[in-house]
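J.: The following block contains the structure, expressed as structure tokens.
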Amino acid sequence: MTQTHDLHARYCHAWRRFGYGAIILLAAIFPVDLFADPLPSAQLVDSHYSARQGQILVVKIPNEGGITRVQGTFLGRSVNFFPDTRPEEPNGFVGLLGIDLQDEPGIYELAVEVKTGERSEAVTYRVEILKEDFHVERLTLPKNKVDLDRKSLARWKREQAQVKQLLANDSQTKFWRGGFVEPVAGKRTGIFGSVRIMNGQARNPHNGEDIGAPLGTEVAATNDGIVRLTVEHFFSGKGIFVDHGLGLYSMYFHLSEVLVKDGDHVKAGQVIGKVGATGRATGPHLHWGVKLNGARVNPYALLDLPFKGSVQSAAPIPVTDSRSGVGSPEP
Ligand SMILES: [Zn+2]
């Protein structure tokens, strides 16, 4: 995108000055402070960037030749970099950095390891997490759906453990490519991150976006990926978890029908289910959630990423499952 290109141009003097620089774009609904001045005196600290809770930062390490692998860590979470194959973009490695909706506002380090053949270089960036103004939502639901009985509580805990285990795996291959698509063009409630007070008790914040649509509306996969899990859970009802690779997962809940099964390879825009009201739902809607390396991010931030259309040079989805392999990023 030209935006990236402009920023690249604006920033290239800083690269020379500080060695490896990075382009960090904010893929967000809110334009925030993209390029604060680099901090000149601090050791290991090249730059200072900021993003709001629940947003995604696009981090780019320029490659003027020879970089073979880039791997980052932020708040104990992996940031898996991949080669930027956009034809109009300069060479480089890109990483998507997810800010969890409950990450505490403050300044943190993004530690990046840049490998050039045998040589390894550590680069550190400062990322400021800004507070987002999430809504407070008050819900009144039947008591038996809020205060769980012992059996339901045990079931919910089992289901939570199952999901947690699944999402802890970062596939080492990038399955997604090009732009992300909206799974349902319905009425967004805008309640991502909202604090829910149910029957007077504060609950976990809402970790996705709810999209109102008629019962039976087709639900599309947001991008290419592999269906890792299909469930029928107490709260989320009939649900699908799609692994897009490198630690990016999308989730589709409360479905009336699930049209895929575990292990299926899906394409962006492919119909994978139908809108319903299964689990804890007050009416037909899609709950769309996204996890990026363990961070709960606003799914709509995916639509704002500077990866559009389909990437001509992208390789087809690999048939082999490399999720637990150490491996190198895709060529
Ligand atoms: Zn929801």
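J.: Answer yes or no as to whether Arg196 is assigned to a strand (DSSP E or B), touching a residue at least 40 places away in the same chain (Cβ under 8 Å), touching a Phe, Trp or Tyr at 6+ places or on another chain (Cβ under 8 Å) and at negative phi.
T.: Considered against the rule, which asks whether it is assigned to a strand (DSSP E or B), touching a residue at least 40 places away in the same chain (Cβ under 8 Å), touching a Phe, Trp or Tyr at 6+ places or on another chain (Cβ under 8 Å) and at negative phi, Arg196 comes out as no.
J.: Let me ask something else about it. Answer yes if at least one residue in segment 112-130 is closer than 17 Å to Ala295 by Cβ and open to solvent by 80 Å² or more (accessible area, probe 1.4 Å), and no otherwise.
T.: No, the conditions are met nowhere in segment 112-130.
J.: Right, another one. Whether any residue in segment 150-160 is outside any helix (DSSP H, G or I) and not hydroxyl-bearing (Ser, Thr, Tyr) is what I want to check.
T.: No, segment 150-160 contains no residue that is outside any helix (DSSP H, G or I) and not hydroxyl-bearing (Ser, Thr, Tyr).
J.: Could you please let me know if Gly190 is within 16 Å of the ligand (Cβ to nearest atom) and at positive phi? Write out each step before concluding.
T.: Values: within 16 Å of the ligand (Cβ to nearest atom): yes; at positive phi: yes.
Yes: the conditions hold for Gly190.
J.: Taking the stated definitions as given, is Lys238 basic (Lys, Arg) and either within 16 Å of the ligand (Cβ to nearest atom) or crowded, with 17+ Cβ neighbours inside 10 Å (or both)? First the steps, then the outcome.
T.: Values: basic (Lys, Arg): yes; either within 16 Å of the ligand (Cβ to nearest atom) or crowded, with 17+ Cβ neighbours inside 10 Å (or both): yes.
It is true that Lys238 is basic (Lys, Arg) and either within 16 Å of the ligand (Cβ to nearest atom) or crowded, with 17+ Cβ neighbours inside 10 Å (or both).
J.: Give me the pairs: first residue in segment 209-221 and farther than 23 Å from Phe175 by Cα and outside any strand (DSSP E or B), second residue modelled with pLDDT under 95 and within 16 Å of the ligand (Cβ to nearest atom), beta-carbon distance under 8 Å, and six or more apart or on different chains, which are they?
T.: Between residues of segment 209-221 that are farther than 23 Å from Phe175 by Cα and outside any strand (DSSP E or B) and residues that are modelled with pLDDT under 95 and within 16 Å of the ligand (Cβ to nearest atom), the close pairs are Ala213/Gly186; Ala213/Lys187; Thr217/Gly186.
J.: Suppose we filter Arg188, Arg155 for residues that are more than 20 Å from Ile56 (Cβ to Cβ) and charged (D, E, K, R); which single one remains? Even if it seems obvious, please write down each step before you answer.
T.: On the way: Arg188 fails: more than 20 Å from Ile56 (Cβ to Cβ).
From the options Arg188, Arg155, the qualifying one is Arg155.
J.: Can I ask one more? Please state which one of Asn199, Asn207 is within 16 Å of the ligand (Cβ to nearest atom) and open to solvent by 50 Å² or more (accessible area, probe 1.4 Å). Outline the logic, then answer.
T.: Details: Asn199 fails: within 16 Å of the ligand (Cβ to nearest atom).
Going through Asn199, Asn207 in turn, just one is within 16 Å of the ligand (Cβ to nearest atom) and open to solvent by 50 Å² or more (accessible area, probe 1.4 Å): Asn207.
J.: Also: If the requirement is being part of a loop (DSSP other than H, G, I, E, B), among the charged types (D, E, K, R) and either more than 16 Å from the ligand (Cβ to nearest atom) or without any contact (Cβ under 8 Å) to a residue 12 or more places away in the chain (or both), which of these qualifies: Asp170, Asp243?
T.: Working: Asp243 fails: part of a loop (DSSP other than H, G, I, E, B).
Step by step, each of Asp170, Asp243 is checked, and only Asp170 is part of a loop (DSSP other than H, G, I, E, B), among the charged types (D, E, K, R) and either more than 16 Å from the ligand (Cβ to nearest atom) or without any contact (Cβ under 8 Å) to a residue 12 or more places away in the chain (or both).
The values are calculated or read from the model by the stated rules, or taken from the named source; none is laboratory data. Note that the structure is a prediction, hence the values are computed from the model and not measured. For neighbour counting, all protein chains shown are included, and Cβ atoms are generated from backbone atoms with ideal geometry for every residue, glycine included. To get the accessible areas, we keep the full protein, side chains included, count just its heavy atoms, and leave off ligands, DNA and RNA. Shrake-Rupley method; radii C 1.70, N 1.55, O 1.52, S 1.80 Å.
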